[in-house]
Each structure stands twice: as C-alpha cells, then as structure tokens.
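Engineer: Okay, handing you the structure first.
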Amino acid sequence: MSDTYDIDEAEAPQTEVLPLDAWHRARGGRMVEFAGYWMPVQYEGILAEHLWTRDSAGLFDVSHMGQLFVSGEGVEAALEAVLPIDLATLKPFAPRYSMLLNEGGGIIDDLMVTRWNSGFYLVVNGATKWDDMGHLREHLPDEVTLTQLDDNALLALQGPQAAAALERVVTGEFPLSALTFMKGGQFMLAGVDAWISRSGYTGEDGFEIAIPAENAAEIADLLCAQPEVKPIGLGARDSLRLEAGLPLYGHDLTEEISPVEADLLFAVNPRRRREGGFIGAQRVLAELANGTARKRIGLALEGRQAAREGAEIFAGDQAVGVVTSGGFSPSLNHPIAMGYVAKAHAAPGTELSIDVRGKRLPARAVSMPFVPHRYHR
C-alpha cells in the first residue's frame, strides 16, 4: 500500500466527500484523504480484500475520477490534436487507454476515452482532473464543448465473479455477456440508466459503472447484496493494480516521463507515431527513432521487506534508477516493485539491488504483469 494513504483525518479539514461517503462509514470503512476526497482505504483489511477480489468480486468506489464529455463541431480533429490516439480506429462504445501530454512530451495524465453518439466520454484521474480540464479548455477550439459530468458516480466491480453478480441485476438491449474486454453499453440497474464498460484497473475481469450520484447508495447496496460481492478499499486497489503491472499517475507516470519511457507505446497509435500532429509529438517521435535512456520495469524482491517509492535501484555499486511503486504482493507472497532504470539494466533477469533505509535488498528485473491478467476477451 502506498504511504500516501496514511493521512490522519485531522490533517485534511478541506477534503471533499463523495456521494457514498456515509455508505462507506456505515460499513466500517477506514476513511483517508486521497485526491482531495475522503475515501475508504480498507474495511476488514487490505490483505483479505485483495484476495477476495482475486477469488470473487470486489466493489470499488472510484467516483473521485473525473468524468468528462467532449462534443461539438470538429470535435474529432480537435481531440486528435490533444491526444496521441487515432480516433478513426475507435469504434463506438469501446473505451481505449490514452494520455494527455505536455509540450515536452511528458504525461499530464492517463485516461480512458470512449466514442459516444455525439462526442467522446473521458474518464481522468481524480487528483489531476481540474488541471486536465484546464489543459483541454486551453487547447480545444471554442466550437468544442467540454462538460464535466459531476452529477455522476463511478463504481468498479472487479473479480472473476463480477459478471455472475452483475448479470442478476442488470437489464439492457443486449445481454451483459455480450460485452468483452474494453466494450461498453447502456444498461439499467434498479431502474436507473447506467453506462457499463467491461474494464477496470485490477488486472481482473470486471466492469466500470457510471450512474447518477443520487442513486449510488441504492446501487451499491444492490451489488453488495450479491453473495460474491464485498466493498473493497483503496489499499487493495493499489496492491491489485501493482500486481497487474499497471502504472499509477503521480507515481509511475509524471510530467517528466514520456509514453516511450513508460512502456506505454500501445497508447500511441501507429499512424500518430508516423505523422505526429499531437501535443508532445516531437519528443515521442524522437525517442521512437533514437531510443530512451531509461525504461519502466518490474522488480521482484527477495525476503519479506518491501521497497517503497523513492528507493534507489543499484547495479553493483552504481545507482541506476528509482522505485516508483512498491509493496508486498498478497498473491505472490513476496515483495514487488515498479520503477525506472537505465536501459542497459532493464532486461528481464538482470540482477539488481534496492536501497531500503541503508540496507541493500536483492532484486531482479522481471516482465510485467507480475500476476497474469484475466480479462474477458
């Protein structure tokens, strides 16, 4: 679990509440400040919640995320000038991972973009959503409208039993089983309109569910009434995404790191790699041609002690990188980490060490994900 979650309630008096704040507290959620909101870090314990999600289904409140709708005349060309995505290849109601980049090719945020009937639906990180909206308003033309869907809540139902639980309570024009990974559609939950996509950030099969905020508690109750489902907090969400090898913005991704260094080139479509034409393209295309000095890698540690963000990575006596995320893996029963190292030391199998409080912990570069993804394709 990231140390950023260990914040005492008295330290953040200006923190905002989410639609499910009372719901979490009533169920014993330990509330902490995260991304400017009170959010549950755990209920019965991070280890138990992590393993429950891997075996069954966990319900996560991710309503702190920004939900945006971009529409208007020329919206497709305007959005392509901002995102390194080929929107011509984006089929309706099929979310895709993308990024906002600064002029220097660094990552402002990572996000999901979906083509809806009259525009594009974006889900951005909660901690950066206000800056994201400012960036978009600055770079999109006046003919394009940016709308924050701040009356929406967002839930994530994740785990191998998520589909079985959701199928009992959802209706739509087509069965939920017709959705494969990164496909979505409009459904009804408890008589409420819901946008549901088969996606998530745990490496497991699962769904993200956008609903009116006023109905969030009713729908959370409905989902948790299913025997497979328990509410899960931020701590397990962090350990699950780390095992899945998924980067966390503000830690593994920053405005200094490029998509090429972060090994996220799949989010820059082939046509955009050839043609550029998006903010930050100069650096991205140069790194594609010439390579990068560093690369994001996975690290497997020996023993039981975890390495946290900021710990230096060594090859022999030479400092060659830094840890950006780390913790103990409940699924693998040993510590894992993610970080950036000089490219010469990035190959899987490379023997390294990590300095933790003056002690060198043996580590090895490994391929990610640490735990295989189980998406429903």
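Engineer: Just to verify a result, which residue in region 201-234, among those that are small (Gly, Ala, Ser) and in contact with a Lys or Arg (Cβ under 9 Å, 6 or more places away or on another chain), is surrounded by the fewest Cβ atoms within 10 Å (Cβ to Cβ)?
Structural biologist: Selected residue: Gly203.
Engineer: Take the residues of region 358-374 that are of a type in the set (Gly, Ala, Ser) and part of a strand (DSSP E or B): which is farthest from Gly339 (Cα to Cα)?
Structural biologist: Filtering first and then ranking leaves Ala363.
Engineer: Within region 221-236, how many residues turn out to be in a helix (DSSP H, G or I) and among the aliphatic types (A, V, I, L, M)?
Structural biologist: Number of matching residues: 4.
Engineer: May I ask you to list pairs of residues, at least six apart or on different chains, whose Cβ atoms are under 6 Å apart, with the first in region 215-233 being under 17 Å from Pro40 (Cα atoms) and the second being among the acidic types (Asp, Glu) and assigned to a helix (DSSP H, G or I)?
Structural biologist: Matching pairs, first to second residue: Ile232/Glu49.
Engineer: Regarding region 77-89, can at least one residue be identified that is small (Gly, Ala, Ser), crowded, with 17+ Cβ neighbours inside 10 Å and more than 20 Å from the chain's Cα centre (by Cα)?
Structural biologist: Looking through region 77-89, at least one residue is small (Gly, Ala, Ser), crowded, with 17+ Cβ neighbours inside 10 Å and more than 20 Å from the chain's Cα centre (by Cα).
Engineer: Looking at region 335-353, can you tell me whether even one residue there is crowded, with 19+ Cβ neighbours inside 10 Å, in contact with a His (Cβ under 8 Å, 6 or more places away or on another chain) and in contact (Cβ under 8 Å) with a residue 24 or more places away in the chain?
Structural biologist: yes
Engineer: Here's another thing I want to ask about it. Tell me yes or no: at least one residue of region 168-175 is aliphatic (A, V, I, L, M), more than 18 Å from Gly29 (Cα to Cα), in a strand (DSSP E or B) and in contact with a Ser or Thr (Cβ under 9 Å, 6 or more places away or on another chain).
Structural biologist: no
Engineer: So Ser63 passes all but one of these: (1) part of a strand (DSSP E or B); (2) crowded, with 20+ Cβ neighbours inside 10 Å. Which condition number does it fail?
Structural biologist: That leaves (1) as the condition not met.
Engineer: Can you name every residue in region 237-264 that is under 16 Å from Ser98 (Cβ atoms), of a type in the set (A, V, I, L, M, F, W, C) and either assigned to a loop (DSSP other than H, G, I, E, B) or at pLDDT below 95 (or both)?
Structural biologist: Listed by number, the residues that qualify are Leu246, Ile257, Val260, Ala262, Leu264.
Engineer: Of the conditions (1) more than 30 Å from Leu288 (Cα to Cα); (2) part of a loop (DSSP other than H, G, I, E, B), Val82 clears all except one; give me its number.
Structural biologist: The one condition Val82 does not meet is (1).
Engineer: Looking only at region 90-107, which residues are surrounded by 21 or more Cβ atoms within 10 Å (Cβ to Cβ) and of a type in the set (D, E, K, R)?
Structural biologist: Arg96
Engineer: Going residue by residue through region 329-341, is there one that turns out to be outside the structural domain of Asp205 (by TED's automatic domain parsing), over 22 Å from the mean Cα position of the chain (by Cα) and under 17 Å from Leu248 (Cβ atoms)?
Structural biologist: no
Engineer: If I filter region 314-333 for residues that are touching a Gly at 6+ places or on another chain (Cβ under 9 Å), farther than 30 Å from Phe207 by Cβ and of a type in the set (Asp, Glu), do I get at least one hit?
Structural biologist: Among the residues of region 314-333, not one is touching a Gly at 6+ places or on another chain (Cβ under 9 Å), farther than 30 Å from Phe207 by Cβ and of a type in the set (Asp, Glu), which makes the answer no.
Engineer: Scan region 302-324 and report the pairs whose first residue is surrounded by 13 or more Cβ atoms within 10 Å (Cβ to Cβ) and whose second residue is hydroxyl-bearing (Ser, Thr, Tyr) and in a loop (DSSP other than H, G, I, E, B), with Cβ atoms within less than 9 Å and a gap of 6+ or a chain change.
Structural biologist: Within 9 Å, the pairs are Arg308/Ser2; Glu309/Ser2; Ala315/Thr350; Thr324/Thr254.
Engineer: Would you point out the residue of region 237-276, among those that are in contact with a helix residue (DSSP H, G or I) (Cβ under 7 Å, 6 or more places away or on another chain), farther than 17 Å from Glu309 by Cα and among the hydrophobic types (A, V, I, L, M, F, W, C), that is surrounded by the most Cβ atoms within 10 Å (Cβ to Cβ)?
Structural biologist: So, considering only residues that are in contact with a helix residue (DSSP H, G or I) (Cβ under 7 Å, 6 or more places away or on another chain), farther than 17 Å from Glu309 by Cα and among the hydrophobic types (A, V, I, L, M, F, W, C), the one surrounded by the most Cβ atoms within 10 Å (Cβ to Cβ) is Val268.
The values are calculated or read from the model by the stated rules, or taken from the named source; none is laboratory data. What you see is a predicted model, and the numbers here were worked out from it, not measured in a lab. Note: ideal-geometry Cβ built from the backbone for every residue, glycine included; neighbour counts use all protein chains shown.
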